[in-house]
Amino acid sequence: MAFEFKKCPIEGLYEVLPKVFGDQRGYFFEVYSQKDFEAAGLTMIFVQDNQSSSAKNVLRGLHFQKHFPQGKLVRAVSGKVFDVAVDLRNGSPTFGKWHGIILDAEKQNQFYIPQGFAHGFQVLTDSAVFAYKCTDFYHPEDEGGIMWNDPTIGVQWPNASLPVLSQKDRSHPAFVPNGMYFDINGVWKD
């Protein structure tokens, strides 16, 4: 198997560590292999790849899609980011809890986040290129979001005093524990 799959403290989240083969010429590794992911019990099908570039302290999130929820396999192609997933599956024992991981292009680690989670990241290096595979297509009219610094969730961002935010990310509402979120299977409940 070309990957190690490490379960995270929140059910459904995985850190994915590829086997990197390197020598004086550089390196090679598999970014994704359907057969290896299926052998680990991850049977999602990815339909879209996205990539962004951001400067230091840019914070994007916390985002999700409602009726077209996306599972995501995310990684830093260059640089380092602090990546966060927030469990929005009502009925989950970790509902409203977050887990963060540093994604590092030198380490080549990845983070799998299933549908039913909000997602965000903050750039830790001078710049970063961030790539993610998604299990559903992007639907701009279906976007949802939660305030990046919501006190109920309490994400411990590394550079919380210095975030560079879009207007949209400054405007997300607070987390409401009895609000409309996903069911335990990651399906949106109106």
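The values are calculated or read from the model by the stated rules, or taken from the named source; none is laboratory data. Predicted, not measured: the structure shown is a model, and the values here were computed from it. Here Cβ is always computed from backbone atoms with ideal geometry, including for glycine, and neighbour counts include all displayed protein chains. These area figures cover heavy atoms from the full protein model, side chains too; ligands, DNA and RNA do not enter into them. Shrake-Rupley method; radii C 1.70, N 1.55, O 1.52, S 1.80 Å.
Structure summary
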| quantity | calculated |
| --- | --- |
| Test for M180: is it in a loop (DSSP other than H, G, I, E, B), open to solvent by 70 Å² or more (accessible area, probe 1.4 Å), under 18 Å from V86 (Cα atoms) and of a type outside the set (D, E, K, R) | yes |
| Number of positions in region 149-177 that are open to solvent by 40 Å² or more (accessible area, probe 1.4 Å), in contact (Cβ under 8 Å) with a residue 60 or more places away in the chain and closer than 25 Å to N90 by Cβ | 1 |
| Region 45-56: number of residues that are closer than 21 Å to A105 by Cβ and either surrounded by fewer than 18 Cβ atoms within 10 Å (Cβ to Cβ) or of a type in the set (D, E) (or both) | 8 |
| 1 or more residues of a type in the set (D, E, K, R): qualifying strands (runs of 3 or more DSSP E) within region 1-119 | 3-7, 14-18, 21-23, 48-55, 59-65, 72-78, 80-87, 98-104 |
| Selection from region 80-93 of residues that are open to solvent by 20 Å² or more (accessible area, probe 1.4 Å) and more than 16 Å from the chain's Cα centre (by Cα) | N90, G91, P93 |
